[in-house]
Amino acid sequence: MGVRKSSVLSIIFILMLSLVVSACSSNGKPASTATGADGGTQTPATNGEKTKIRFSTWYGPGDIEIWKNVIDRFQTDNPNITVEFEPLEWGAYWQKLQTQLASKSAADVIGMHVGIVYGYVEKNQLAPLDDYLKTYDRKDQLSQSLLAEGQWPKDNPKQFALPWHVTGAALFVNMTAFKEAGIAYPENGWTVDEFKAAAKKLTTDKRFGFSVPSFSMAAGLAGAFGTEPTTADKLHSNYNSPEMLTFKTWLHDLIWKDKAAPNPKDLDKNIDPFVAGKVAMSMGGAWNFPVYRDIKDFEWDIAPMPSKDGKTKTYAGPDMLSITQDSKNKEAAWKFMQFVTYNQKAQELLRATGVPMLKEDLQNAALVNEIAAQKPAHFKVFLEGVTNNGVGYAFTKKFFEISQLELDADVKIMENASADIKKELETLHEQVNKEFAKQ
């Protein structure tokens, strides 16, 4: 990292100040604090003294152990910075974060979600990162599309979040069931009609061919049908579009007409139906890769997303980190963020539940083959889908509100054989627009 003139002057000032304080102090000890950029007291992370920062985020399967290993590696390289890790379950994390930000007691570094970040920026609760990035020599390792997800406002963007991980939804397939049914591994470009035919053929008296996904796990399929929850400007509902009606009807038919998917209410919420062998195909997050590697009862893999009218989409998006505006240790917090995002020691751990995101890794064929050898064997299919055809789902500041409203609507649609799908989508459309109208 280059050294700016202002940084040099600041160091000189701090050294002069420490001499004055040392001369005037009754105990002769040097001063241990300096004034931070936000006007608060900030402990320098480079003067040989210990600095403690707090890091909080949500977690999924295997995440806690991975984060602990990342923190250990960071602290080995930065012995003067201690990271206090505060992981929370997804729902609890966002509830507590709201309270902590309001009371100015949030952690220094926090997990951040695409879309939601924009609302926190508007409340001035996140620190801009642009000055740090200007002088960082590895900033070009991230694509502009990834950086853009953490920028707001879009017409005059500033960076408020950086990705630590890129993930998405994959189509998991039970290859043992495929072989028993005489179905070959799907080729790129297979259609939604071919997908439905496979789901029906995979259905037996003990197993369904597919389980109907909800919300973001359905993003890739929705994209193939040419639809998404919001308009392009992310400010209005798109649930009343003809494409959304066609898509939801197609899913509903898989359950009630084709009998190739179970009624969602009949599934045990505490059991993964794919792992249990209850369904032969399932949409699931890439964070399941390390968990599914323990499956012993059947061979599994991932398959290309089905297409419609030549369109193929894969749900993809980064999980991100931000520095809170009220942090008193922004320099140390930035060092941790920088390590997590750009350092190979961190990324080789964090990509275990996602895909490589640094340009040098995406171009590393040996690395891709190494991941594929651990499963899924067709990891490259997922990587290409995420990088070439990735699509988000309701990535707006109203993400939570929209997700709950759609999940509620899906219960009424998918669990009811005679559901009035058009009516339910019209109601959902109105509800989402009311949320957007709120300040």
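The values are calculated or read from the model by the stated rules, or taken from the named source; none is laboratory data. All values derive from a computational prediction rather than experimental measurement. Positions of Cβ are generated from backbone atoms using ideal geometry, with glycine treated the same way; all protein chains shown enter the neighbour counts.
List of remarks:
- Checked against (1) closer than 21 Å to Thr312 by Cβ; (2) in contact with a His (Cβ under 7 Å, 6 or more places away or on another chain), Pro242 passes all but condition (2).
- Scanning region 374-408 for residues that are in contact (Cβ under 8 Å) with a residue 40 or more places away in the chain and among the hydrophobic types (A, V, I, L, M, F, W, C) gives Ala377, Phe379, Val381, Phe382, Val386, Val391, Ala394, Phe395, Phe399, Phe400, Ile402, Leu407.
- Unmet criterion (only one of (1) closer than 25 Å to Ile402 by Cβ; (2) at pLDDT 95 or above; (3) within 21 Å of the chain's Cα centre (by Cα)) for Leu251: (3)
- Looking across Asp268, Asp272, Asp258, one residue alone is touching a residue at least 60 places away in the same chain (Cβ under 8 Å) and in a loop (DSSP other than H, G, I, E, B). It is Asp258.
- Residue list for region 376-419, restricted to those being at pLDDT 95 or above and either part of a loop (DSSP other than H, G, I, E, B) or of a type in the set (Lys, Arg) (or both): Pro376, Ala377, His378, Lys412, Glu415, Asn416, Ala417, Ser418, Ala419
- Strands (runs of 3 or more DSSP E) wholly inside region 277-340 that include at least 1 residues being at pLDDT below 95 and surrounded by 23 or more Cβ atoms within 10 Å (Cβ to Cβ): 314-323
- Selection of region 155-171 for residues being touching a Phe, Trp or Tyr at 6+ places or on another chain (Cβ under 9 Å) and free of Cβ contacts under 8 Å to residues at least 60 places away in the same chain yields Lys158, Gln159.
- Test: residue in region 93-109 that is surrounded by fewer than 16 Cβ atoms within 10 Å (Cβ to Cβ), charged (D, E, K, R) and either touching a helix residue (DSSP H, G or I) at 6+ places or on another chain (Cβ under 9 Å) or at pLDDT below 95 (or both): no
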